[in-house]
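Step one of this worksheet: look at the structure below.
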Amino acid sequence: MADGASLNVSKARKKISGLRNLSTSLDAKLDAASQKNSEEFVETARRYTPRDTGNLAQSLVALKDPKDSIWGIYGDFYWFFVENGTAPGVRGQKTRNAKGNSRTARRTHPGSRPRPFIFTTYRILKERFHGRYRRAINKAIKEVIG
């Protein structure tokens, strides 16, 4: 070039081809990080799960969804009721007295207090999971681009 500037095209082509390969490398790294995060989440959540019979803790598993290739945490359907609690059940008609107060209701279920274990586990492990994902992304980029 006349002005003394030069452009190394071969290095640019190498970087561009590396970026094209980034997708497959990144998928593999993130899948491994997701699997480790999911399994660690299940182990920790089992420790915080309220123990009546132990069935809820044993039902927690980390599985990969074959359709979406996403790792997820699965458990018995009633985990939400344990996590958030339930309202008292009332059966019977409510009547109002002269003052307008509601009376004559029969309680059938006293309700249950919330005993959080899923979101508590998430809050404890959130930073570790985010760091693991960041490291996986950076590692994939360094492998591909150099």
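Every read-out reported here was derived from the displayed coordinates using simple, explicitly stated rules and does not represent laboratory data. This one's a predicted model, so the numbers in the text were calculated from it and none came from an experiment. No Cβ is skipped: glycine too gets one built from the backbone with ideal geometry, and neighbour counts run over all protein chains shown.
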If you plug each phi of region 55-69 into the Karplus form 6.51 cos²θ - 1.76 cosθ + 1.60 with θ = phi - 60°, what whole-Hz ³J(HN,Hα) values come out, in order, with x for Gly and Pro? 5, 5, 5, 6, 7, 6, 9, 9, 10, 9, 6, x, 6, 9, 6
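Once you list every other residue whose beta carbon is under 15 Å from the beta carbon of Asp68, what net charge do they have if Lys and Arg are +1 and Asp and Glu are -1? Before the final figure, lay out the partial values.
Values: positive: Lys64, Lys67; negative: Asp27, Asp31, Asp65.
Counting the neighbours of Asp68, the net charge comes to -1.
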Too long at a 24 Å Cα-Cα cut-off: which of Lys64/Lys126; Lys67/Lys142; Lys14/Lys142; Lys64/Lys142; Lys14/Lys64; Lys29/Lys67? Lys67/Lys142; Lys64/Lys142; Lys14/Lys64
Trp71's amide H: which non-local residues (gap 5+, or another chain) put their own amide H closer than 5 Å, with H modeled 1.01 Å from N in plane and none for Pro or chain starts? Asp65
Leu125 paired with Ser17, simple spin-label distance in nm, labels 7 Å along Cα-to-beta-carbon: 4.0
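So what's the convex hull volume per residue for the Cα atoms of region 18-145, in Å³? Mind dumping the intermediate values first?
Values: hull volume 21.5 nm³, N = 128.
For region 18-145, the hull spanned by Cα atoms encloses 168 Å³ per residue.
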